[in-house]
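K.L.:
I am attaching a structure below and will ask some questions about it afterwards.
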Amino acid sequence: NSVLTTMGFGFEAVWDFIYKPPTLTAVNLTDVSNTWYGVGTGDVFMRSSWGDTTAAHGSFKCGWLTESHQHYEQGAFQIYRGEWLAGSGNRFSNSGLQNSISTKNLLRFVSGSTVIEQTNSNGDPSNCNMLALSDSDYYAYAAADITPVYHSNSSISKQQREFIFLKPSTFVVFDRAVATSGSVKRVWSLNIENGNGLTISGDRLTYVGSKSNRMDVYRVAPSSLSYVKTAYEWSSDRDTGQFPNATRVDVTDTSTGTSSYFLHVIGTGTSATSNPVSSVASSPATGQTGVQVNLADGRVAIIRFNNTSSGGTIQINDASGNTVVSGSLATTVTKPPIFRN
């Protein structure tokens, strides 16, 4: 034991807390909120329940981009249920240093053959702006303006993402991407661990992981595009023994315009045959891109996102047809409490 009561240097002060934690009052795990927002890092974590090994987990990132070794993942999401169904492509490297947005579950802009990276502009801090955050018993919602992390790049006018967790096991992702030229491609990406567990049929993607957990991805907009599989080949940086078939799936908006509105519904299941989504259908309105999600338990969710500005509307009906949620998506950030009760 040290005779010192505190660490001698300020940068080591963290160890004072690690080795002498304060006395904490015990609480029931079920009293802890299922959604958590770390304002400093910009991380939003959400899960269907505590104490359940089959629970669905989602994470969403929107915060500061300041460090030279920081990953370019502002606006990225990850999904876990029993195993990583949609994780970071960086998991498939040996070094853990693959920080490009191409390795994240993001929408990226590509000019010619060059990916336009997020940047901290040589130490000049930039940040993803969390536009809205809300949580309820029925869904969690986050909206982010990712545009500032490109430092006014001349090829990008706007990038925003909205992320909804329809509890307990379905996710909805909407991307609002505007380039300054039609020659700048907009590419939506999803990372999976084993390409052999992947099947693609038109606008739908089904993935069964190594532990037989399942993910179904429905692209509602733009429709009639092609998914393209790319195997990770990082030679010396890739653990070929552990991840022999690591794959990124891309879909590129090939329209000649400058604006793209990507809308995806992602269902997660605990077996190779389980899927919480029975069907999806496009449900647009004037100035909005929308979807009707028919869930396997009889519930129906109708969600519409504004095309030119963040936000939109949501309605959820229970299995009996009763409306339990109806109104506008949040427009402000409300940090969920640590405890539910």
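The values are calculated or read from the model by the stated rules, or taken from the named source; none is laboratory data. Note that the coordinates shown come from a computational prediction; the quantities given were computed from them, not determined experimentally. FYI the Cβ positions are ideal-geometry reconstructions off the backbone, even for glycines, and counts take in every protein chain you see. Ligands, DNA and RNA are excluded from the accessible area calculation, which covers all protein heavy atoms including side chains. Shrake-Rupley method; radii C 1.70, N 1.55, O 1.52, S 1.80 Å.
K.L.:
Is it the case that segment 185-193 has a residue that's of a type in the set (V, I, T), more than 23 Å from S48 (Cα to Cα) and open to solvent by 30 Å² or more (accessible area, probe 1.4 Å)? Explain how you work it out, then say what you get.
P.N.:
So the first thing to find is which residues in segment 185-193 are of a type in the set (V, I, T), and the list is 187, 192.
Next, from what is left, pick out any that are more than 23 Å from S48 (Cα to Cα): 187.
If we keep only those that are open to solvent by 30 Å² or more (accessible area, probe 1.4 Å) too, we end up with none.
No.
Listed here are the residues, each with its yes/no results for (1) under 25 Å from S136 (Cα atoms); (2) touching a strand residue (DSSP E or B) at 6+ places or on another chain (Cβ under 6 Å).
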| site | (1), (2) |
| --- | --- |
| T5 | no, no |
| V27 | yes, no |
| D31 | yes, yes |
| N34 | yes, yes |
| S68 | no, no |
| Y80 | yes, yes |
| S95 | no, no |
| S102 | no, yes |
| V110 | no, yes |
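K.L.:
Restricting attention to segment 83-105, which residues are touching a Gly at 6+ places or on another chain (Cβ under 8 Å), farther than 17 Å from D175 by Cα, open to solvent by less than 20 Å² (accessible area, probe 1.4 Å) and part of a loop (DSSP other than H, G, I, E, B)?
P.N.:
Matches in segment 83-105: E83 only.
K.L.:
Now for a separate question. So S181 ticks every box in (1) within 30 Å of Y150 (Cα to Cα); (2) touching a residue at least 40 places away in the same chain (Cβ under 8 Å); (3) of a type in the set (S, T, Y); (4) not in a loop (DSSP other than H, G, I, E, B) but one. Which box is left unticked?
P.N.:
With (1) within 30 Å of Y150 (Cα to Cα); (2) touching a residue at least 40 places away in the same chain (Cβ under 8 Å); (3) of a type in the set (S, T, Y); (4) not in a loop (DSSP other than H, G, I, E, B) applied to S181, the lone miss is (4).
K.L.:
OK, next. Anything in segment 292-307 that is more than 18 Å from the chain's Cα centre (by Cα) and either hydrophobic (A, V, I, L, M, F, W, C) or at pLDDT below 95 (or both)? List them, or say none.
P.N.:
The answer is V293, L295, A296, V300, A301, I302.
K.L.:
Output yes when any residue across segment 29-51 is among the hydroxyl-bearing types (S, T, Y) and more than 21 Å from F171 (Cα to Cα), and no when none is.
P.N.:
Yes, some residue in segment 29-51 is among the hydroxyl-bearing types (S, T, Y) and more than 21 Å from F171 (Cα to Cα).
K.L.:
What strands (runs of 3 or more DSSP E), lying completely within segment 265-341, carry at least 2 residues that are open to solvent by less than 70 Å² (accessible area, probe 1.4 Å) and among the polar types (S, T, N, Q)? Explain how you work it out, then say what you get.
P.N.:
On the way: elements: 277-282, 288-295, 300-306, 312-317, 323-328.
In segment 265-341, the matching strands (runs of 3 or more DSSP E) lie at 288-295, 312-317.
K.L.:
Moving on to the next point. Looking at N153, is it more than 24 Å from N306 (Cβ to Cβ) and either aromatic (F, W, Y) or not in a strand (DSSP E or B) (or both)?
P.N.:
no
K.L.:
Take the residues in segment 228-240 that are part of a strand (DSSP E or B) and open to solvent by 30 Å² or more (accessible area, probe 1.4 Å), then tell me which one is modelled with the lowest pLDDT.
P.N.:
Selected residue: A231.
K.L.:
Kindly list, by first and then second residue, each pair from a residue in segment 194-205 that is at positive phi to a residue that is open to solvent by 20 Å² or more (accessible area, probe 1.4 Å) and assigned to a loop (DSSP other than H, G, I, E, B), limited to pairs with Cβ atoms under 8 Å and residues at least 6 apart or on different chains.
P.N.:
G202/S224
K.L.:
Restricting attention to segment 165-182, which residues are within 20 Å of A132 (Cβ to Cβ) and open to solvent by less than 10 Å² (accessible area, probe 1.4 Å)?
P.N.:
F165, L166, T170, F171, V172, V173, F174, D175, R176, A177 - these are the residues of segment 165-182 that are within 20 Å of A132 (Cβ to Cβ) and open to solvent by less than 10 Å² (accessible area, probe 1.4 Å).
K.L.:
Of these, T66, T35, T25, which one is more than 27 Å from V333 (Cβ to Cβ) and either touching a residue at least 60 places away in the same chain (Cβ under 8 Å) or exposed (fewer than 14 other Cβ atoms within 10 Å of the Cβ) (or both)?
P.N.:
On the way: T66 fails: more than 27 Å from V333 (Cβ to Cβ); T35 fails: more than 27 Å from V333 (Cβ to Cβ).
From the options T66, T35, T25, the qualifying one is T25.
K.L.:
Something else about it: I'm trying to understand the selection: among the residues of segment 32-59, which are assigned to a loop (DSSP other than H, G, I, E, B) and in contact with a Leu (Cβ under 8 Å, 6 or more places away or on another chain)?
P.N.:
Result: W50, G51.
K.L.:
Which of the residues spanning segment 127-158 are of a type outside the set (G, A, S), within 23 Å of L329 (Cα to Cα) and either open to solvent by less than 10 Å² (accessible area, probe 1.4 Å) or without any contact (Cβ under 8 Å) to a residue 12 or more places away in the chain (or both)?
P.N.:
Scanning segment 127-158 gives C128, L133, Y141, I146.
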